[in-house]
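> Just dropping this structure here.
The values are calculated or read from the model by the stated rules, or taken from the named source; none is laboratory data. No experiment lies behind these values; they were computed from the predicted model shown. Note that we place each Cβ from the backbone using ideal geometry, even for glycine, and neighbour counts take in every protein chain shown. Heavy atoms of the whole protein, side chains included, go into the accessibility calculation; ligands, DNA and RNA do not. Shrake-Rupley method; radii C 1.70, N 1.55, O 1.52, S 1.80 Å.
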Amino acid sequence: MRLKVTSQIQKFLNNYDLEKLIKNSGSVFFRRIIGMALSFVWVFAITNLYGSKVYGLVSISQVLISFLGVFFCLGIDTALIKLGSMTKHYSKGISHSTFLRKSIGIVLISSSLCTITVFLLKNSLTFHVFKKEELSNYLIWVSLLSILFLSHKAFTSFLTVEGKFNRYGNFYFLYPNIGILLFVLLCYYFKWPPYFIIIGYILSYGIFGLIQLVSLIKIPLKKRISIGHKEILKLSTPMMISSSFLFVSSWTDVLMLGAMVREEDVGIYNVAFKVGSLVLVIIAAVNTVLAPKISAFFEGNNLDGIRKEVHKATKIISFMSLPFVLLLIIFRIPILRLFGDEFIAGEMVLIIISLGMLFNAMSGSVGQILNMTSYQKQFRNFTIISAIINVVLNYFLINKYGIEGAAIASLVSNLMINIMCLIFVKQKFDFYAFFRI
C-alpha cells in the first residue's frame, strides 16, 4: 500500500513537473520567509520601543515611499523582465540591444522628478492630507532619498532574468530587512529621533539598488537592436499604471486611514494587514520564477507551455497557502499579542485580509500572464477599476466601521480584480488559472 501511494505521488510530480518549479522558486521562497520574519521583528521592535503612534507614522511613510517607487519607476522593473527574457534583446549575460542603458537613464531622470515633487508637496501632505505635524520630518527624508529606493525597485528584478535567484532573494528580501532592524536598534540605543527609522528603511534598500545598478552598467553590449526611450516607455507605462493602481488598491486603506483615524489605529491596522499578507511570500516566490518563463513561452508562441506552467504554479501556491491561512486565523490573538495587547483589536482585520489573500493565491498568476504577454493594457484597466472600487468603499466603510471597514474594502477589491483577470485569461488563452483539484 505504501509503495502504491509513493508511486502515485511520483507520478503526480512527473506529470506536472512540480519538483522542478519548487526547486527554482525555493531559494527565493526561503529568503523571503526569513526576510518576512525579520520584518516582523523590526515591526515588533518599533511597536514595543516606540508605541503604535510612531509605528503609524512609519507606516504612512513606508506606504508613501513604496507608492512613489511604483509610480516613478514607470514600470521599468517589469519591462526589464519582459525584454530580458527575449533572446533578441538579452542572452547568456550579453545585452543585444540598448534597452538596459536606456532604461537606466529613464529611471534616473524619473527619480529626480520624484525628489522634487515630494519636497514641494511635503507641507500639503503633512498639514492638509494626513494632518499629522510629526510627519514633516519623515517626508523630508523620503524626498531626499527616494532616488535610492527607486534604483532598488527598478533594477533588482533583473536578477531573475539572469537566473541569479539567490542574489535576488538576498537583495530584495533578506539584506534590507536586516539593515532596517539594525537601524531601529541603533536609533533606540543612541536616542536618535524616531524619524531616523525611515532613513534607515530607505538606505537599507537603496544600497543594494546601487550595487545592482553598477552591475547592469557593466553588462557587455553587443549592439544588434537600437531600442528608443519611447518604445521602452510604451511597453512599461501600462505596467506602471497597473502596478500603481494595484498598489493603490492594496494600500489605499492605510493611506485613507492615515487621513481619517488616529495614528494608533493606523499602526494596529498595518500590523494586522502585514500578518494577513504573509501568504504573499508564497505567491511572490513562485511568480518570480514564473514571469520570465511566461514571457519566453509567449515569444515562442507556446500557449500550451504557458497553461502548463501556470497550472503547476497555481497548485504549489494553493497547497502551501491554505494551511498557512488557517494557522493565521486560528492563532490570530496570540500572534497579534506579540506586538502588544493593543494590537488584539485588529483580529477581525487579520481574518478578512487572510481570506482575501487565500482567494488571491488560488486564482493563479493571472497578473503575470497578462503583463508578460501582450495584454498589459488590459491588466492596467482591471487595476484601475479595482482601485476606484477600493477608494469608494474605503471612504464609506472607514467612516462607518473603522479599520474593519478598510479590511472589507480591501477584500472586495481583491476579489474583483482576480475575477476580471480570470475571465479574461479564459477568453484569450482558453484555460482557467484558478486552482482545481
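> Identify, among Phe297, Val310, Gly405, the residue whose Cα sits farthest towards the positive end of the charge dipole of the chain, taking +1 on the Cβ of Lys and Arg and -1 on the Cβ of Asp and Glu, with the dipole about the Cα centre.
Of the candidates, Phe297 comes out farthest on the positive side.
> If you don't mind, another one. Please list Leu145, Leu100 in order of solvent-accessible area, largest first, computed with a 1.4 Å probe with all protein chains present. Kindly include the intermediate steps, with their values, before the conclusion.
On the way: Leu145 25, Leu100 5 Å².
So, going from the largest accessible area down, we get Leu145, Leu100.
> Let me ask you something else. Just want to confirm a number: the relative contact order over region 274-420, from Cα pairs under 8 angstrom separated by 6+ residues, in percent. Display every interim value, and only then the final one.
Numbers: 151 pairs, mean separation 41.5, N = 147.
Reported relative contact order: 28 percent.
> Okay, next question. Carbon-plus-sulfur fraction of the accessible area of the chain, 1.4 Å probe, in percent? List each step's numbers first, then the result.
Numbers: 12430 of 18800 Å².
Solvent-exposed carbon and sulfur of the chain make up 66 percent of the total.
> Okay, next question. Taking only complete DSSP H runs, can you tell me which helices of the chain stretch 30 Å or more along their own long axis by Cα positions and average at least 0.0 on the Kyte-Doolittle scale? Show your work: numbers first, answer last.
Details: long enough: 18-49 (44 Å, 0.95); 99-124 (37 Å, 1.23); 196-217 (31 Å, 2.16); 229-260 (41 Å, 0.76); 303-330 (40 Å, 1.02); 376-401 (36 Å, 0.43); 403-429 (39 Å, 1.33).
Membrane-span-like by this rule: 18-49, 99-124, 196-217, 229-260, 303-330, 376-401, 403-429.
> What aspartates and glutamates could a cross-link reach from Lys293, if we take a straight Cα to Cα line under 13 Å and drop same-chain neighbours fewer than 8 places away?
Of all the aspartates and glutamates, those that pass the test against Lys293 - Cα under 13 Å, at least 8 places apart if same chain - are Glu162, Asp304, Glu309.
> Shifting gears a bit: Take Leu80, Leu233, Leu327 and sort them by solvent-accessible surface of the protein heavy atoms, 1.4 Å probe, largest at the top. All intermediate terms of the calculation are to be shown ahead of the outcome.
Numbers: Leu80 0, Leu233 55, Leu327 95 Å².
Correct descending sequence by accessible area is Leu327, Leu233, Leu80.
> With +1 on each Lys and Arg Cβ and -1 on each Asp and Glu Cβ, how big is the dipole of region 265-407 about its Cα centre, in debye rounded to the nearest 20? All intermediate terms of the calculation are to be shown ahead of the outcome.
Numbers: 11 positive and 8 negative charges, 88 e Å.
For this selection, approximately 420 debye.
> Further question: Considering only Cα-Cα distances, which of the following residue pairs are longer than 26 Å: Lys377/Lys426; Lys122/Lys234; Lys92/Lys315; Lys223/Lys428; Lys122/Lys218; Lys132/Lys191?
Details: Lys377/Lys426 17 Å; Lys122/Lys234 30 Å; Lys92/Lys315 31 Å; Lys223/Lys428 35 Å; Lys122/Lys218 37 Å; Lys132/Lys191 22 Å.
Over 26 Å Cα-Cα: Lys122/Lys234; Lys92/Lys315; Lys223/Lys428; Lys122/Lys218.
> Now a separate question. What percent does the relative contact order of region 345-434 come to when contacts are Cα pairs within less than 8 Å and at least six residues apart? Display every interim value, and only then the final one.
On the way: 82 pairs, mean separation 36.6, N = 90.
Relative contact order, region 345-434: 41 percent.
> Another question, if that's okay. Heavy-atom accessible area per residue, the chain, 1.4 Å probe: how many Å²? The partial results should precede the final answer.
Details: 18800 Å² over 437 residues.
The answer is 43 Å² per residue.
> Highest first, please rank the peptides 146-156, 29-39, 60-70, 330-340 by the mean number of other Cβ atoms sitting within 10 Å of their residues.
Details: 146-156: 25.5, 29-39: 18.9, 60-70: 22.0, 330-340: 15.6.
Answer by packing, highest mean first, reads 146-156, 60-70, 29-39, 330-340.
> Classify region 243-386: rounded, prolate or oblate, from the alpha-carbon gyration tensor (a ≥ b ≥ c, eigenvalue square roots; a/c under 1.5 rounded; otherwise prolate if a/b is larger than b/c)?
Working: a/c = 3.55, a/b = 1.73, b/c = 2.05.
Oblate shape, in that a/c is at least 1.5 and b/c is the bigger or equal ratio.
> Hey, can you grab everything whose amide H is under 5 Å from the amide H of Ser91? Only 5+ residues off in sequence or another chain; H modelled, so Pro and N-termini drop out.
His96
> Here is a follow-up. In percent, what relative contact order does the chain have, based on Cα pairs under 8 Å that are 6 or more apart in sequence? Intermediate values should be presented prior to the final figure.
Details: 687 pairs, mean separation 96.0, N = 437.
Result for the chain is 22 percent.
> Please report the equivalent ellipsoid semi-axes of region 144-185, computed as sqrt(5 x eigenvalue) of the Cα gyration tensor, largest first, in whole Å.
Values: eigenvalues 87, 46, 3 Å².
Equivalent ellipsoid semi-axes, largest first: 21, 15, 4 Å.
> Okay, helix-only estimate at 222 nm for the chain: each DSSP H run of n ≥ 4 adds -39500 (n - 2.57), divide by all residues, round to 500 deg cm²/dmol; what do you get? The partial results should precede the final answer.
Values: 19 runs with 346 residues, N = 437.
After summing the helix terms and dividing by residue count, I get -27000 deg cm²/dmol.
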